[in-house]
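Asks: This is the structure, below, for whatever I ask next.
The values are calculated or read from the model by the stated rules, or taken from the named source; none is laboratory data. The shown structure was predicted, so the numbers you read here are calculated from the model rather than taken from an experiment. Using ideal geometry, Cβ is built from the backbone for each residue, glycine included, and neighbour counts are taken over all protein chains shown.
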Amino acid sequence: MIFTASNSTTVLEKDEAVLTELVRQLLQRYPDEFLQIPFIRSALATMKIDALDKNALTLGQVENPAALVENAISHNIDGMIGKVSLFRPSILVMPLRSLDRVAETMKVSRVLSVGPRTEAEIYTLIACGFEPSNIRGLDLFSYSDFVDAGDMHAMPYDDDSFDIVILGWVLAYSNDQKKAAAEVLRVLRPGGIVAIGYEYTALSSEELRDQGSDVADAPQMKTTNQILELFAPHVEDVYFRHDIHASRKDKSGSLMTIFSTPQAPGA
């Protein structure tokens, strides 16, 4: 049957069970191709969140509460429940996917997503071709088999565990960003790749507080140079960077950078 504006609603209601089973089969057989559709990624993430019992969240152990911005946990749980920024992961993951060295090794690369909040970033990685079994997430709370509950300042992983570490808009919740950066470098293999997104705002902490923000005192960064300085002197090649254009300094936006770390001596 051809779907038209006049019959599509009736068909979908009548064959809902059939369509649900079809979606399940497509996701199982062709996960990367199927998840390339942004709406599908968003819909799957939304379904999991809507079915979630907030009280059933697994909370990670925080080594030093002072290292977290005040209200970081409640702010991000509210953001998850509100399904905020489900499409944002793709603007960082897609540039990462375009790198030749990433594309050539993505089927065997181990990837850590720090602070994914929802499964949307995990689905984006799968859509790009990374193997689900090689993807781990780490957040202060979890409802997903993909995501470990833990603290980015004391990651529950061995040294040299990952080939790629992604920090999508999560460093801003740290009051000890040097410690978080050191943990990234510890769990990343020599020569590995780091991809970072950071929210830019032109507003001061006072202005954010006046607007009702519960994380108004989160550390602010204005350039990708400030991000890269956190990882100095362990920055080798900078593959990608996105700074706020001079014409947009009064608007919100995203700082983004992707870089590699030095190879092990003699490698």
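Asks: Have a look at 165, 108, 187 and point out the one that is modelled with pLDDT of 95 or more and farther than 22 Å from residue 60 by Cβ.
Replies: Values: 165 fails: farther than 22 Å from residue 60 by Cβ; 187 fails: farther than 22 Å from residue 60 by Cβ.
Only one candidate qualifies: 108.
Asks: Are any residues in the stretch 190-217 farther than 29 Å from residue 99 by Cβ, hydrophobic (A, V, I, L, M, F, W, C) and either assigned to a loop (DSSP other than H, G, I, E, B) or touching a Pro at 6+ places or on another chain (Cβ under 9 Å) (or both), and if so, which ones? Full working, then the answer.
Replies: Of the residues in the stretch 190-217, the ones farther than 29 Å from residue 99 by Cβ are 202-217.
Retained after the next criterion (residues that are hydrophobic (A, V, I, L, M, F, W, C)): 202-203, 208, 215-216.
Within the stretch 190-217, 202, 203, 215, 216 qualify.
Asks: How do the pairs read when you match residues in the stretch 102-130 that are on the phi < 0 side of the Ramachandran plot and among the aromatic types (Phe, Trp, Tyr) with residues anywhere that are assigned to a helix (DSSP H, G or I) and modelled with pLDDT of 95 or more, using Cβ under 7 Å and keeping only pairs 6 or more apart or on different chains?
Replies: Pairs that qualify, where the first residue is on the phi < 0 side of the Ramachandran plot and among the aromatic types (Phe, Trp, Tyr) and the partner is assigned to a helix (DSSP H, G or I) and modelled with pLDDT of 95 or more: there are none.
Asks: Could you pull out the residue among 92, 57 that is farther than 28 Å from residue 240 by Cα and at pLDDT 90 or above?
Replies: Numbers: 92 fails: farther than 28 Å from residue 240 by Cα.
Of 92, 57, the one residue that is farther than 28 Å from residue 240 by Cα and at pLDDT 90 or above is 57.
Asks: Can you name the residue in the stretch 42-68 that is small (Gly, Ala, Ser) and touching a residue at least 24 places away in the same chain (Cβ under 8 Å) and, of all such residues, is farthest from residue 174 (Cα to Cα)?
Replies: The first filter runs over the stretch 42-68 and keeps only residues small (Gly, Ala, Ser), leaving 42-43, 45, 51, 56, 60, 66-67.
Narrowing further to those that are touching a residue at least 24 places away in the same chain (Cβ under 8 Å): 42, 45, 56, 60, 66-67.
Numbers: 42: 27, 45: 25, 56: 25, 60: 15, 66: 9, 67: 6 Å.
Top of the filtered list is 42.
Asks: Condition first: free of Cβ contacts under 8 Å to residues at least 40 places away in the same chain and among the acidic types (Asp, Glu). Now tell me which residues in the stretch 242-267 satisfy that.
Replies: Of everything in the stretch 242-267, just one residue is free of Cβ contacts under 8 Å to residues at least 40 places away in the same chain and among the acidic types (Asp, Glu), namely 243.
Asks: Across the stretch 229-241, what is the total count of residues that are in a strand (DSSP E or B) and either touching a residue at least 40 places away in the same chain (Cβ under 8 Å) or in contact with a helix residue (DSSP H, G or I) (Cβ under 6 Å, 6 or more places away or on another chain) (or both)?
Replies: The total comes to 3.
Asks: Is it true that some residue in the stretch 173-188 is buried (at least 20 other Cβ atoms within 10 Å of the Cβ), closer than 20 Å to residue 104 by Cα and not polar (S, T, N, Q)?
Replies: Yes, because at least one residue in the stretch 173-188 is buried (at least 20 other Cβ atoms within 10 Å of the Cβ), closer than 20 Å to residue 104 by Cα and not polar (S, T, N, Q).
Asks: Given the criteria of a type in the set (A, V, I, L, M, F, W, C), at pLDDT 85 or above, surrounded by fewer than 10 Cβ atoms within 10 Å (Cβ to Cβ) and under 27 Å from the mean Cα position of the chain (by Cα), does residue 51 qualify?
Replies: Considered against the rule, which asks whether it is of a type in the set (A, V, I, L, M, F, W, C), at pLDDT 85 or above, surrounded by fewer than 10 Cβ atoms within 10 Å (Cβ to Cβ) and under 27 Å from the mean Cα position of the chain (by Cα), residue 51 comes out as yes.
Asks: Going through the stretch 152-172 one residue at a time, which ones are under 14 Å from residue 96 (Cβ atoms) and aliphatic (A, V, I, L, M)? Break it down into steps so the answer makes sense when it comes.
Replies: Filtering the stretch 152-172 for residues under 14 Å from residue 96 (Cβ atoms) gives 162-168.
Listed by number, the residues that qualify are 164, 165, 166, 167.
Asks: What are the residues in the stretch 242-267 that are closer than 18 Å to residue 164 by Cα and not in a loop (DSSP other than H, G, I, E, B), if any?
Replies: Within the stretch 242-267, 256, 257, 258, 259, 260 meet the criteria.
Asks: If you take the residues in the stretch 127-153 that are crowded, with 21+ Cβ neighbours inside 10 Å and more than 16 Å from residue 60 (Cα to Cα), which one is modelled with the lowest pLDDT?
Replies: The residue in question is 127.
Asks: Residue 151 - would you say it is among the charged types (D, E, K, R), in contact (Cβ under 8 Å) with a residue 60 or more places away in the chain and farther than 20 Å from residue 240 by Cα? Even if it seems obvious, please write down each step before you answer.
Replies: Details: among the charged types (D, E, K, R): yes; in contact (Cβ under 8 Å) with a residue 60 or more places away in the chain: yes; farther than 20 Å from residue 240 by Cα: yes.
Yes.
Asks: Is it fair to say residue 185 is within 25 Å of residue 243 (Cβ to Cβ), over 15 Å from the mean Cα position of the chain (by Cα) and in a helix (DSSP H, G or I)?
Replies: Numbers: within 25 Å of residue 243 (Cβ to Cβ): yes; over 15 Å from the mean Cα position of the chain (by Cα): yes; in a helix (DSSP H, G or I): yes.
Answer is yes for this residue.
Asks: Taking the residues in the stretch 74-100 that are out of contact with any helix residue (DSSP H, G or I) (no Cβ under 9 Å at 6 or more places or on another chain) and of a type in the set (A, V, I, L, M, F, W, C) as candidates, determine which candidate is farthest from residue 130 (Cα to Cα).
Replies: 91
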